[in-house]
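The values are calculated or read from the model by the stated rules, or taken from the named source; none is laboratory data. This structure is a prediction, so every number in the text was calculated from the model and none was measured. Here Cβ is always computed from backbone atoms with ideal geometry, including for glycine, and neighbour counts include all displayed protein chains.
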Amino acid sequence: MFSADLYSDRRRHLKTNVNSGLILFLGNGESPINATENCYSFRQDSSFLYFWGIDLPNLAAVIDVDADTETVFGDDLSLDDVIWTGSQPSLSERCRIGGVNRSAPLTGLHETIGSAVKKNRPVHFLPPYRMEQTMLIADLCGLDRRGVVKNASETLIRSVIRLRSVKSDEEIAQIEAAIAINGDMQRVAMQMATPGRYEREVVGAIEGLAYGQSGRKTPFATIFSIHGQTLHNHCHGNRMKRGDLAICDCGAESPMGYASDTTRTIPVGGRFTSRQKEIYEIVEGMQADALAAMKPGVPFKDVHLVAARRLSADLTSLGLMRGNVDQALETGAYALFFPHGLGHMLGLDVHDMECLGEDYVGYTDRIQRDRRFGINRLRLAKPLEPGFVVTVEPGIYFIPLLVQRWRAENRFADQIDYGKLESYLDFGGVRIEDDVRVTSTGATVLGQPIPKTVAAVESCCRT
Ligand code: GLY
């Protein structure tokens, strides 16, 4: 955990922003797989971790802004529990580490919230994403279950996002610890991407490595696939053969729960073909251009378009696109090859704070979501600020169904050479992703370098 003062400070800022009423935080509970006592690995809610620092299930916390009190609600383990789990520090001990000096049994939560509701005092809560939390908030606040999310406090959501968006040096150190693990995962994937192996063998090895190094599960399900044209391919049943191209999009959690998220594209057998190398180096160029364009004040949407510009120019040189690059950006023809956003915020969540509402995190009143295909999936569009940590993950994909559909519709036929594209329909995809901190003057890729150039990836594959 960070110092108690840091958690107190975060809550103090929150109180100032929210200004009055009660702020209710619900931690996560255990989540059963197939029976109440057989659960998925526990993962604390990230806002709870951020403001209270306590990584235990079945807790709630309340800040009474007007009375200036902070209370964590939870129950200490009974002897029965301890027989199964071993003894644990008491709740009040854990609270002290997070700078909180009041704790109370969970039953007290109903009384605290109930009496505030009776007095018509505002109770601010974040939108829940688990049904148990939804039911509990409905119960505590006397709301209909279906109305809970829309009654979440916009003031609280905006305040939490303002605080969590800017990462302190301590948080950067955690993200870099996660990237260090991630680098090892990528290197092992490169070494294991050999003909005859199943994708799942690589996934098992790298997810095990992540757990072995930090004691935490991965922040999202690993994508490792020789069918990289499927953006989030979670099927790992293919047997790799020489000449395949595998996308490895994976992450790790630091000991304190901060995420990393990187992608490399790996030639199975250790050598890119010349056609793979051509596309790979275009994606590398897209990322380099995007990184060079990033600095405070620049909308990330513009950075996305910088990457799209490079793609359009280079695919025009290759003969897959034609015509004017400005036109390709305007019409969105480039999105045939790049149908996702350039990146997203990263922090305690892999898509940081997305549970609070993607538009709150990534958009502003002035920069609204663009509805055009491809860029409509951009999670972050607003101007960058020093301290933001974002992923930069351009890609080029050849998605047969999409190509066939657009071709049948004659869509952008003046800008795409569908005839030439035919021979790429077995290509798959390339994605390259790093985690980047916005500084006061530009942007830096975080962590120690992970093999990225064609030569570096090929060399790592052979070690
Ligand atoms: N790396 C997985 C994702 O960004 O969704």
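For this structure, a couple of remarks:
- Residues of the stretch 431-448 satisfying the condition of being of a type outside the set (G, A, S) and out of contact with any Asp or Glu (no Cβ under 9 Å at 6 or more places or on another chain): V436, R437, T439, T441, T444
- Helices (runs of 4 or more DSSP H) fully within the stretch 30-132 counting 3 or more residues that are surrounded by 13 or more Cβ atoms within 10 Å (Cβ to Cβ): 46-52, 91-97, 108-118
- One residue from L384, L446 being out of contact with any His (no Cβ under 9 Å at 6 or more places or on another chain), buried (at least 22 other Cβ atoms within 10 Å of the Cβ) and within 30 Å of D169 (Cβ to Cβ): L384
- Among the conditions (1) assigned to a helix (DSSP H, G or I); (2) over 22 Å from R271 (Cα atoms), the only one that R200 does not satisfy is (2).
Listed here are the residues, each with its yes/no results for (1) within 21 Å of A313 (Cα to Cα); (2) of a type in the set (A, V, I, L, M, F, W, C); (3) surrounded by fewer than 21 Cβ atoms within 10 Å (Cβ to Cβ).
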{"position": "E393", "(1), (2), (3)": "yes, no, no"}
{"position": "P400", "(1), (2), (3)": "no, no, yes"}
{"position": "R405", "(1), (2), (3)": "no, no, yes"}
{"position": "D414", "(1), (2), (3)": "yes, no, yes"}
{"position": "G419", "(1), (2), (3)": "yes, no, yes"}
{"position": "E422", "(1), (2), (3)": "yes, no, yes"}
{"position": "D426", "(1), (2), (3)": "no, no, yes"}
{"position": "D434", "(1), (2), (3)": "no, no, no"}
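- Members of the stretch 268-313 found to be surrounded by fewer than 24 Cβ atoms within 10 Å (Cβ to Cβ), under 25 Å from the mean Cα position of the chain (by Cα) and either in a strand (DSSP E or B) or of a type in the set (G, A, S) (or both), listed by number: G285, A288, A292, A293, G297, P299
- Test: residue in the stretch 146-158 that is crowded, with 20+ Cβ neighbours inside 10 Å, of a type outside the set (D, E) and under 19 Å from H344 (Cα atoms): yes
- Each residue in the stretch 234-278 was checked for being out of contact with any helix residue (DSSP H, G or I) (no Cβ under 7 Å at 6 or more places or on another chain), within 16 Å of the ligand (Cβ to nearest atom) and of a type in the set (S, T, Y), and 1 of them qualify.
- Of the strands (runs of 3 or more DSSP E) lying entirely inside the stretch 357-463, those carrying at least 1 residues that are under 22 Å from P339 (Cα atoms) are 389-392, 395-397, 429-431, 434-438.
- Counted residues, the stretch 400-448 - those being touching a residue at least 60 places away in the same chain (Cβ under 8 Å), among the aliphatic types (A, V, I, L, M) and over 30 Å from M353 (Cα atoms): 4
- Pick from the stretch 336-377, criterion of a type in the set (A, V, I, L, M, F, W, C), buried (at least 22 other Cβ atoms within 10 Å of the Cβ) and within 30 Å of L421 (Cβ to Cβ), ranking: nearest to the ligand (Cβ to nearest atom): L342
- The numbered conditions (1) under 22 Å from V457 (Cβ atoms); (2) surrounded by fewer than 23 Cβ atoms within 10 Å (Cβ to Cβ); (3) of a type outside the set (G, A, S) are all true for E170 except (1).
- From I175, I206, residue being closer than 27 Å to A4 by Cβ, assigned to a helix (DSSP H, G or I) and at pLDDT 95 or above: I175
- Of the residues screened, T218 is not one that is away from the ligand (no atom under 16 Å from the Cβ), touching a Gly at 6+ places or on another chain (Cβ under 7 Å), assigned to a loop (DSSP other than H, G, I, E, B) and over 30 Å from L336 (Cβ atoms).
- The set of residues from the stretch 413-450 being small (G, A, S) and farther than 17 Å from D249 by Cα comprises A413, G419, S423, S440, G442, A443.
- Total residues in the stretch 246-267 satisfying the condition of being surrounded by fewer than 23 Cβ atoms within 10 Å (Cβ to Cβ) and farther than 30 Å from F2 by Cα: the figure is 1.
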